[in-house]
Amino acid sequence: MSKKTLTLMSKDKQLFNIEEHLAVQSVTIRNMVKEDGASSVIPLPRVDSETLALVIEYLNRQQAPEEDEDYVKKFVDERGEIPTLLELAQAALDLDIKKLMDAACMKVADLIKDFTLEEVREALRIENDRTPEEEKAIRDEFQWAF
Amino acid sequence: MQPTRNWLELPSDVMDNILFRVGVCDILENAQKVCTAWRKICKVPTMWTVICMDYSYEYSVDKKLAMCKQAVDRSQGQLIDITIGDFGNYELLQYVADRDYKDSCDKMGILIGENLHELEHLELIGNNMTDIGLQAILDGCCHLKLLDLRMSSFIEFEGGLEKRCLEQIECLIRPDEALKGSQYIYGYDDLLDDPEDYEFDDEWLSRLERSFTT
């Protein structure tokens, strides 16, 4: 019996094929398959093609279950760029792949832990939206220096 | 990959998940100061259900103690798992335990405020409630005439709460007032020594029943 294949579509309309028994590691896809057989293309409107290619690579892994923890760690370690990891975490959220989501978030947390305030803002392109008054209030609230 | 993407637009589940993993010291020292959105996330009690402070050598013991207390405060009673490294001391453990008592007592105060709107007479002697619970009681129980807070030593009457109590309640008995004269207390010191004595006896119950029926 030939294995059933599903097609996923990224937000930039690229199509990716994946065998159904591997795709259902995603709870989102599993539920779709259960409901209507998911015969048509599954659109992922928030996931770009680069990220979806990574997700497919992860889903296609051939690891024994006991090696899985190490594999997912190594998988995100090798993609240590913060923007890539954030896209990956969002894709894992949309597809409901908990292990991948947690590993990507853990990696981002590990990276920003060692950053200074400015480095965090720069890496995530976050603007400091505090007014000088708020800055002062925060300094007063957190007088850790003894 | 879009180079100009604003990462604050990421789903909040992703940001929450990341900040949850950043750890107590780095949240307090850095993450919460990044921007208003992160500051908000870092104040949500569920961010503090797990507090792990086991191996940081970066900060002084005093600073770690202060951070740990701050983390416990922010958990607002939702603490599930706490790991305290070699900086821990008896006072810190006492603080964590007290905080837990206070939170459950505050929850009781909130329940009273939400449900017993007709309440006129309330005695909370030796309770561990803080201003949070008191505030909820004042908000919800508009008919309260007598409020007895003796030995409820965590009430601080911050932010004009005392003035409000005096305006709203005819008879306020303060936390520091002497215990004698209360009809429901038989020698508070003995009660503290033996928790089993804490159980109310039959005589007490029937007296309470009578007070409701008359």
- Sequence-distant or interchain residues sharing an amide H contact under 5 Å with B:Glu123, placed H: which? B:Asp148
- Query: If you build a Gaussian network model of chain A, linking Cα atoms that sit under 10 Å apart, which residue out of A:Ala103, A:Ala123, A:Ala91 swings the most?
  - Reply: A:Ala123
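What share of the DSSP beta bridges in the protein assembly as shown is antiparallel, in percent to the nearest 5? If you can, show how the numbers build up before the last one.
Numbers: 5 of 17 bridges.
Of those bridges, close to 30 percent are antiparallel.
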- Item | Amide H partners (placed H, <5 Å) of A:Asp48, local residues excluded | A:Lys11
- If the cut-off is a Cα-Cα distance under 28 Å, which lysines reach B:Lys145, setting aside same-chain residues fewer than 8 apart in sequence? B:Lys102, B:Lys107, B:Lys163, B:Lys180
- Task: Using θ = phi - 60° and the Karplus relation 6.51 cos²θ - 1.76 cosθ + 1.60, list the HN-Hα couplings for region B:70-77 in order, rounded to whole Hz, with x at every Gly or Pro.
- Result: 4, 4, 5, 4, 5, 6, 6, x
- Message: List the residues, sorted by chain then number, that are 5 or more residues from A:Ile42 or on another chain and whose placed amide H is less than 5 Å from its amide H.
- Response: A:Thr7, A:Leu8, A:Met9
- For region B:31-45, just list the computed ³J(HN,Hα) in residue order, Karplus coefficients 6.51, -1.76 and 1.60, θ = phi - 60°, integers in Hz, with x standing in for Gly and Pro. 3, 5, 9, 5, 6, 5, 4, 5, 4, 4, 4, 6, 9, 6, x
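Tell me, what is the FRET efficiency for B:Cys171 and B:Lys107 to the nearest 0.05, using R0 = 30 angstrom and their Cβ-Cβ distance as r? Could you put the intermediate results ahead of the total?
On the way: r = 26 Å, r/R0 = 0.85.
In this case the efficiency is close to 0.75.
Readers should treat all values here as calculations from the given coordinates under stated rules, not as data from a laboratory. This structure is a prediction, so every number in the text was calculated from the model and none was measured. Heads up, the Cβs are rebuilt from the backbone with ideal geometry, glycines too, and the neighbour counts pull from every protein chain shown.
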